[in-house]
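The values are calculated or read from the model by the stated rules, or taken from the named source; none is laboratory data. Remember, it's a predicted structure, so these values are computed and weren't measured experimentally. With ideal geometry, Cβ positions are generated from the backbone for all residues, glycine too; neighbour counts draw on all protein chains shown.
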Ligand code: PRP
């Protein structure tokens, strides 16, 4: 049996479609409060995880493979193989703020984000000094409350920005979901994993 770690929510919805059209599963993975779902007929066990934890489950080998956004991999990404771009979960990691001039001259810009490493690298490469404030979600609150001048966060439909009166200033990275695999399992279960990859490659074309 192959164990796949997958985030709940939007990614699971898109993953369900891809996994079905790839012929990997026959019935949808239902999102309930149950966190481990066994699909005995298809020989797959799903672990429903927080996106940021998918790399950890795969790194430690409790999941053979994982489906996870490139945003998470940029922040957390080592100790597994990234096998393919699944073409789902398309969004972008962007710098956003309130409209207009948000930071006074001489003031150290404060940037709130769930992605402190990516954000630090980005501003370091640009040679700009900023203070990074780590948040765990609802990051859009930070500029609204004056906690930060900017945020670095995921923009998908843009609805969250719009409903909170924020604007997207610059795209840092285009994001899609990737298939990652535990390094040992890649060798131990190579034929199963190769089969999974070729089915997914075919499914993506549909
Ligand atoms: C993500 C992201 C934005 C929102 C963007 O949040 O952090 O807040 O989705 O999507 P949109 O452009 O389609 O509105 P998520 O729903 O994962 O919750 P979080 O804010 O708690 O991280």
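Quick check on residue 112: is it at pLDDT 95 or above and over 22 Å from residue 134 (Cα atoms)?
On the way: at pLDDT 95 or above: yes; over 22 Å from residue 134 (Cα atoms): no.
Considered against the rule, which asks whether it is at pLDDT 95 or above and over 22 Å from residue 134 (Cα atoms), residue 112 comes out as no.
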Check the stretch 63-78 and report whether any residue there is at pLDDT 95 or above, out of contact with any helix residue (DSSP H, G or I) (no Cβ under 7 Å at 6 or more places or on another chain) and farther than 25 Å from residue 171 by Cα.
no
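Test residue 90 against the stated conditions and say whether it is within 16 Å of the ligand (Cβ to nearest atom), loosely packed, with under 15 Cβ neighbours inside 10 Å, closer than 24 Å to residue 8 by Cβ and under 24 Å from the mean Cα position of the chain (by Cα).
On the way: within 16 Å of the ligand (Cβ to nearest atom): yes; loosely packed, with under 15 Cβ neighbours inside 10 Å: yes; closer than 24 Å to residue 8 by Cβ: yes; under 24 Å from the mean Cα position of the chain (by Cα): yes.
Criteria met by residue 90.
Tell me whether the stretch 98-107 contains one or more residues that are outside the structural domain of residue 59 (by TED's automatic domain parsing), part of a strand (DSSP E or B), away from the ligand (no atom under 14 Å from the Cβ) and farther than 20 Å from residue 10 by Cα. If you could, list the steps in order and put the result at the bottom.
Quick first cut of the stretch 98-107, residues outside the structural domain of residue 59 (by TED's automatic domain parsing) only: 98-107.
Remaining after also requiring part of a strand (DSSP E or B): none.
No: the stretch 98-107 contains no residue that is outside the structural domain of residue 59 (by TED's automatic domain parsing), part of a strand (DSSP E or B), away from the ligand (no atom under 14 Å from the Cβ) and farther than 20 Å from residue 10 by Cα.
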For the stretch 24-41, name all the residues that are surrounded by 13 or more Cβ atoms within 10 Å (Cβ to Cβ) and either in contact with a helix residue (DSSP H, G or I) (Cβ under 9 Å, 6 or more places away or on another chain) or in contact (Cβ under 8 Å) with a residue 60 or more places away in the chain (or both).
24, 25, 28, 29, 31
It is to be established whether one or more residues within the stretch 161-175 are exposed (fewer than 15 other Cβ atoms within 10 Å of the Cβ), over 22 Å from residue 120 (Cβ atoms) and out of contact with any helix residue (DSSP H, G or I) (no Cβ under 8 Å at 6 or more places or on another chain).
yes
